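Working notes for the structure below.
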Amino acid sequence: MAPKDTLTPLDYELPRTPKEVMEAWMPRLQAVAIVTALLAGIEAQLLSSLAELTPDSTAADRAVRFFAYSGLLLNLGATLSTILLLIAVASLPTAARQIYVSCAHSYPRRIFHSHGSRKAELNQRLLEGNGETYLLRAFGIARGWGFMLRHCISCFMGGVMCTFVHISINLWLVEDTVVAGVVMPVVFFSMVPPAVAFVFLMNSPACPDCKEDKKLGREEV
């Protein structure tokens with residue numbers, strides 16, 4: 001462990017792996033911020049075109065306004081969370097430098113000064129399945145990172161679904177029944193496959209050889 005008077009904060013740089021993780025998150029979050037802002041703009045435009053509710057308004061008229069407002073607010077929420085996440089990621093080098101100076105037990109201090117046991121511990125944590133989030137936290141990402149990320153994803157998916165439902169209901173209200181019936185399969189095909197892929201198919205494919213090895217290992221045991 002380096003004594004306090006031998007620390008060199010001006011020379012501190014993030015190690016290669018957390019720096020690459022940080023750089024990988026930046027375009028992801030920028031893309032989400034742009035998409036959610038565009039969706040919020042679409043919802044705002046659609047809301048401005050809705051007629052005012054009257055005592056004779058149907059349940060469908062009220063439902064379309066509910067999903068319109070929900071889509072607008074959820075997309076705005078996702079945009080706000082994404083901006084906060086971008087700020088957190090962009091601040092990672094500064095946060096890691098502050099931890100390097102202030103905490104003798106931290107990964108930034110120990111790894112920067114080539115403390116082998118600390119590197120081995122971090123490698124073991126990553127091998128055990130603690131991935132990007134653990135790595136970012138080890139180098140000082142904002143405490144609310146995980147919470148904001150879950151909020152962003154939830155609002156993004158909820159906002160997209162509300163936008164699809166809003167357009168679908170509006171389709172039945174405005175267009176001819178035949179046109180709406182023909183277009184509905186397109187709406188279904190546009191919305192459901194991406195949702196299923198997001199929930200079940202976003203992880204990396206498993207290696208068939210590893211699966212076979214695990215199967216053989218279980219049988220031997």
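So, Phe139, is that one surrounded by 17 or more Cβ atoms within 10 Å (Cβ to Cβ), of a type outside the set (Ser, Thr, Tyr) and more than 24 Å from Ala37 (Cβ to Cβ) or not?
On the way: surrounded by 17 or more Cβ atoms within 10 Å (Cβ to Cβ): yes; of a type outside the set (Ser, Thr, Tyr): yes; more than 24 Å from Ala37 (Cβ to Cβ): yes.
Spelling it out, Phe139 is indeed surrounded by 17 or more Cβ atoms within 10 Å (Cβ to Cβ), of a type outside the set (Ser, Thr, Tyr) and more than 24 Å from Ala37 (Cβ to Cβ).
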Complete set of residues in segment 1-44 that are of a type in the set (Ser, Thr, Tyr), part of a helix (DSSP H, G or I) and in contact (Cβ under 8 Å) with a residue 24 or more places away in the chain
Thr17, Thr36
Going through segment 58-96 in order, the residues found to be over 14 Å from Cys152 (Cα atoms) and of a type in the set (Gly, Ala, Ser) are Ala59, Ala60, Ala63, Ala68, Ser70, Ala90, Ser91, Ala95, Ala96
When you look at Met157, is it outside the structural domain of Ala60 (by TED's automatic domain parsing), of a type outside the set (Gly, Ala, Ser), under 22 Å from Glu43 (Cβ atoms) and surrounded by 10 or more Cβ atoms within 10 Å (Cβ to Cβ), yes or no?
no
Selected residue (criterion: nearest to Asn170 (Cα to Cα)) from residues of segment 60-88 that are surrounded by 19 or more Cβ atoms within 10 Å (Cβ to Cβ), of a type in the set (A, V, I, L, M, F, W, C) and touching a Leu at 6+ places or on another chain (Cβ under 7 Å)
Val64
Going by the conditions given, is Ser190 hydroxyl-bearing (Ser, Thr, Tyr) and at pLDDT 90 or above?
no
Quick test of your reading of the structure: Asn123 fulfils all but one of (1) modelled with pLDDT of 85 or more; (2) in the same structural domain as Asp61 (by TED's automatic domain parsing). Name the failing condition by number.
(1)
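Matching residues to (1) over 30 Å from His105 (Cβ atoms); (2) of a type in the set (A, V, I, L, M, F, W, C); (3) in the same structural domain as Ser106 (by TED's automatic domain parsing):
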residue: Arg28; (1), (2), (3): yes, no, yes
residue: Ala44; (1), (2), (3): yes, yes, yes
residue: Gly77; (1), (2), (3): yes, no, yes
residue: Ala88; (1), (2), (3): no, yes, yes
When you check Leu84 against the structure, is it touching a residue at least 12 places away in the same chain (Cβ under 8 Å) and outside any helix (DSSP H, G or I), yes or no?
no
Val101 meets each of (1) more than 22 Å from Ile141 (Cβ to Cβ); (2) not in a loop (DSSP other than H, G, I, E, B) with one exception, condition (1)
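Looking only at residues that are assigned to a loop (DSSP other than H, G, I, E, B) and out of contact with any Lys or Arg (no Cβ under 8 Å at 6 or more places or on another chain) in segment 45-59, which one is surrounded by the fewest Cβ atoms within 10 Å (Cβ to Cβ)?
Of everything passing the filter in segment 45-59, Pro55 is surrounded by the fewest Cβ atoms within 10 Å (Cβ to Cβ).
The values are calculated or read from the model by the stated rules, or taken from the named source; none is laboratory data. This one's a predicted model, so the numbers in the text were calculated from it and none came from an experiment. Quick reminder, even Gly has a Cβ in these numbers, built from the backbone with ideal geometry, and neighbours come from all protein chains shown.
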